[in-house]
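Visitor: Mind looking over this structure? Questions follow.
The values are calculated or read from the model by the stated rules, or taken from the named source; none is laboratory data. This is a predicted model, so every value here is computed, not measured. Cβ coordinates were reconstructed from backbone atoms using ideal geometry, including for glycine residues, and neighbour counts include every protein chain displayed. Protein only, heavy atoms only, side chains kept; ligands, DNA and RNA dropped before computing areas. Shrake-Rupley method; radii C 1.70, N 1.55, O 1.52, S 1.80 Å.
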Amino acid sequence: MKALALLSGGLDSILATKLILDQGIEVVAVAFVLPVAAEKEDYAKNTAKRFSIPLIRVEVGDEYLDVIRNPKYGYGSGMNPCIDCRIYMLREAKRIANEIDAKFIVTGDVLGERPMSQHRKALMLEEKEAGLENLILRPLSAKLLPETIPEREGWVDRSKLLAIKGRSRKPQIALAEKFGMQNEYPSPSGGCLLTYKEFASKVRDLFEHKEKVTKRDVLLLRMGRHFRFATSKIIVGRNEAENELLLEMKRPEDYAFEVPGCGSPITVLEGLKSKEAVELAAKLTARYSDAGAEGKEVQVEYWNGAGKKSIVVSPLDEPEVERLRI
Ligand code: SF4
């Protein structure tokens, strides 16, 4: 008997996978690589290694961005369309389960843990929409939920499953301790950038100004300070690593800006390159450079190909910076 476990690498998914493995069931894990994931460390990989189980990685395509843009079931506290996002992942899981001949899906869902997507009605809706009715086993809350096919068929012993509910993570932390896995899961505050206010407003701005959004656009939202000027977008690097990444990700038609000869951010101007937009991007670059600290005029270089041009500007003042900030 084979099961496919959704392994985000969060504590709940780790425990759910472990509970099923402990019943002697063969488990293959699937982890979704989302452009909005906040966690940097690869807990899914570490967990799969620890449990000696195969891990399938699914890098979501641009169609996932349509799910964020047009969710059928709306948003949570930020721009997080949790129900639609989970339906998307469950549909993918169903496809993979068919391919590898897994008989059911395992998730780390805990009844009532997340207000939007983990109440009973949402759980049932998600599995119906994904075409997986009674085939999703949620070992952490199974005893509080209707019996699933794997339990009914005796593939899984229901009596060994749990009845955890609610937002307190105490039972899960106690279970992790019991399994000797105290330091092997991320803190619950990580998760998904779409739930963060600042990131959500950047996503909203992107959707408002761009008809066709790509993963590159979303990945760019993870770095730098972002400013909006009509149809132009200005991104200012915050450190060396971001400066390098911005230069790497800059498209040939976009401009890069820098103050030569001092500590300077790299700034990228996307969209319309009007005279005002170029001047603003230069002023923002000056504002965040060492040379702009005293408010005096600064020479800023900019380029999109080989030849560099330069412009002398005074650093943008604070009220303007805040007005343009996304
Ligand atoms: S928190 Fe983010 S990744 Fe998780 S279900 Fe919601 S939208 Fe998807």
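Visitor: Output the number of residues of the range 164-219 satisfying the condition of being under 17 Å from Asn70 (Cβ atoms) and touching a Ser or Thr at 6+ places or on another chain (Cβ under 7 Å).
Guide: Initially, the range 164-219 is screened for residues under 17 Å from Asn70 (Cβ atoms), giving 194, 200, 203-215, 217-218.
Now restrict to residues that are touching a Ser or Thr at 6+ places or on another chain (Cβ under 7 Å): 209.
Residues flagged as under 17 Å from Asn70 (Cβ atoms) and touching a Ser or Thr at 6+ places or on another chain (Cβ under 7 Å) within the range 164-219 amount to 1.
Visitor: Please go through the range 268-288 and pick out each residue that is open to solvent by 30 Å² or more (accessible area, probe 1.4 Å) and in contact with a helix residue (DSSP H, G or I) (Cβ under 7 Å, 6 or more places away or on another chain).
Guide: Arg287
Visitor: In addition: With Arg69, Arg114, Arg91, Arg95 as the choices, which residue is in contact (Cβ under 8 Å) with a residue 60 or more places away in the chain and surrounded by fewer than 23 Cβ atoms within 10 Å (Cβ to Cβ)? Full working, then the answer.
Guide: Numbers: Arg114 fails: in contact (Cβ under 8 Å) with a residue 60 or more places away in the chain; Arg91 fails: in contact (Cβ under 8 Å) with a residue 60 or more places away in the chain; Arg95 fails: in contact (Cβ under 8 Å) with a residue 60 or more places away in the chain.
Result of the check over Arg69, Arg114, Arg91, Arg95: Arg69.
Visitor: Kindly establish whether Thr148 is β-branched (Val, Ile, Thr), within 16 Å of the ligand (Cβ to nearest atom) and in contact (Cβ under 8 Å) with a residue 24 or more places away in the chain.
Guide: On the way: β-branched (Val, Ile, Thr): yes; within 16 Å of the ligand (Cβ to nearest atom): no; in contact (Cβ under 8 Å) with a residue 24 or more places away in the chain: yes.
Here the answer is no, as Thr148 does not meet what is asked.
Visitor: For the range 229-270, what are the residues that are aliphatic (A, V, I, L, M) and farther than 19 Å from Arg323 by Cβ? Please lay out each step first, then the result.
Guide: Filtering the range 229-270 down to residues aliphatic (A, V, I, L, M) leaves 230, 234-236, 241, 245-247, 249, 256, 259, 266, 268-269.
Once the filter is applied, which keeps residues that are aliphatic (A, V, I, L, M) and farther than 19 Å from Arg323 by Cβ, the range 229-270 yields Ala241, Leu245, Leu246, Leu247, Met249, Ala256, Val259, Ile266, Val268.
Visitor: Keeping to the range 133-145, report how many residues are in a loop (DSSP other than H, G, I, E, B) and away from the ligand (no atom under 16 Å from the Cβ).
Guide: As a first pass, look at the range 133-145 and keep what is in a loop (DSSP other than H, G, I, E, B): 133-135, 138-141, 145.
Now narrow it down to the ones that are away from the ligand (no atom under 16 Å from the Cβ): 133-135, 139-141, 145.
Residues in the range 133-145 being in a loop (DSSP other than H, G, I, E, B) and away from the ligand (no atom under 16 Å from the Cβ): 7 in total.
Visitor: Working only within the range 46-62, note down all residues that are touching a residue at least 24 places away in the same chain (Cβ under 8 Å), farther than 14 Å from Ile96 by Cβ and open to solvent by 40 Å² or more (accessible area, probe 1.4 Å).
Guide: Asn46, Arg50, Asp62
Visitor: On the given criteria, is Glu126 out of contact with any His (no Cβ under 6 Å at 6 or more places or on another chain), in a helix (DSSP H, G or I) and either within 16 Å of the ligand (Cβ to nearest atom) or closer than 28 Å to Pro35 by Cα (or both)? Spell out how you get there, then give the answer.
Guide: Numbers: out of contact with any His (no Cβ under 6 Å at 6 or more places or on another chain): yes; in a helix (DSSP H, G or I): yes; either within 16 Å of the ligand (Cβ to nearest atom) or closer than 28 Å to Pro35 by Cα (or both): yes.
Answer is yes for this residue.
Visitor: Suppose we keep only residues that are in contact with a Gly (Cβ under 9 Å, 6 or more places away or on another chain) and assigned to a helix (DSSP H, G or I) within the range 289-312. Which one would you say is surrounded by the fewest Cβ atoms within 10 Å (Cβ to Cβ)?
Guide: The qualifying residue surrounded by the fewest Cβ atoms within 10 Å (Cβ to Cβ) is Asp290.
Visitor: Name the helices (runs of 4 or more DSSP H) wholly inside the range 160-275 in which the number of residues that are in contact (Cβ under 8 Å) with a residue 60 or more places away in the chain and within 16 Å of the ligand (Cβ to nearest atom) is 1 or more.
Guide: Values: elements: 170-178, 197-209, 215-220, 240-249.
Hits in the range 160-275: 197-209, 215-220.
Residues are listed down the side, and each one gets a yes or a no for (1) crowded, with 19+ Cβ neighbours inside 10 Å; (2) touching an Asp or Glu at 6+ places or on another chain (Cβ under 8 Å); (3) among the aliphatic types (A, V, I, L, M):
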| position | (1), (2), (3) |
| --- | --- |
| Leu145 | yes, no, yes |
| Arg158 | no, yes, no |
| Met181 | no, no, yes |
| Tyr196 | no, no, no |
| Ser201 | no, no, no |
| Glu208 | no, no, no |
| Leu221 | yes, no, yes |
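Visitor: Just checking, how many residues over the range 117-130 are open to solvent by less than 40 Å² (accessible area, probe 1.4 Å) and touching a Leu at 6+ places or on another chain (Cβ under 9 Å)? So that I can check it myself, show each step before the final result.
Guide: From the range 117-130, those open to solvent by less than 40 Å² (accessible area, probe 1.4 Å) are 117-118, 122-123, 126-127, 130; that's our starting set.
Within this subset, residues satisfying the condition of being touching a Leu at 6+ places or on another chain (Cβ under 9 Å) are 117-118, 123, 126-127, 130.
Counting residues in the range 117-130 that are open to solvent by less than 40 Å² (accessible area, probe 1.4 Å) and touching a Leu at 6+ places or on another chain (Cβ under 9 Å) gives 6.
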